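Everything below concerns the one structure shown next.
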Amino acid sequence: MPVDLTPELIAMVKTGVTNRLKDPGSVQFGAMKASAKTGDREMVTVCGFVNAKNSFGGYTGMQPYYGMLLRRSATARGGFGVMQFGSDRIKAGAIKDVCAQRSIYLPIE
């Protein structure tokens with residue numbers, strides 16, 4: 001089931017992704033989509049693209065990522081955890097497959 005990401009949820013995803021990067025100040029976000037299992041609106045899979053500088057100071061190009069977004073509730077703080085970045089073709093293909101299994105189809109970037 002597709003999930004509309006509110007500005008607050010998008011901010012949570014961006015914070016989670018940015019915290020995992022070597023140069024957080026260089027981050028550029030591309031497309032971002034989300035889905036949840038029917039009946040489970042607290043745990044959301046998010047797939048998207050990110051570009052940032054690497055250790056050598058160069059941009060890597062848009063790379064796919066996916067992770068889990070826990071929405072804020074009375075019992076949980078909420079947040080986003082990156083499960084994988086697509087830093088090479090094999091990982092990028094695996095991410096697109098995982099996202100497709102969750103009915104999230106990423107455009108090619």
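The values are calculated or read from the model by the stated rules, or taken from the named source; none is laboratory data. No experiment lies behind these values; they were computed from the predicted model shown. Cβ coordinates were reconstructed from backbone atoms using ideal geometry, including for glycine residues, and neighbour counts include every protein chain displayed. These area figures cover heavy atoms from the full protein model, side chains too; ligands, DNA and RNA do not enter into them. Shrake-Rupley method; radii C 1.70, N 1.55, O 1.52, S 1.80 Å.
What's the total number of residues in the stretch 89-102 that are under 13 Å from Ala34 (Cα atoms) and loosely packed, with under 12 Cβ neighbours inside 10 Å? Residues flagged as under 13 Å from Ala34 (Cα atoms) and loosely packed, with under 12 Cβ neighbours inside 10 Å within the stretch 89-102 amount to 1.
Out of the residues in the stretch 36-51 meeting the condition of being more than 17 Å from Gly78 (Cβ to Cβ) and open to solvent by 10 Å² or more (accessible area, probe 1.4 Å), tell me which one is modelled with the highest pLDDT. Looking at the filtered set, the residue picked out is Asn51.
Could you please find all residues in the stretch 9-24 being part of a helix (DSSP H, G or I), touching a residue at least 12 places away in the same chain (Cβ under 8 Å) and not small (Gly, Ala, Ser)?
First pass over the stretch 9-24, keeping only residues part of a helix (DSSP H, G or I): 9-18, 24.
After this cut, where a residue has to be touching a residue at least 12 places away in the same chain (Cβ under 8 Å) as well, the list is 9-10, 12-17, 24.
Within the stretch 9-24, Leu9, Ile10, Met12, Val13, Lys14, Thr15, Val17, Pro24 meet the criteria.
Taking the stretch 61-85 as the range and being modelled with pLDDT of 90 or more, farther than 16 Å from Ile104 by Cα and open to solvent by 60 Å² or more (accessible area, probe 1.4 Å) as the test, only Met62 passes.
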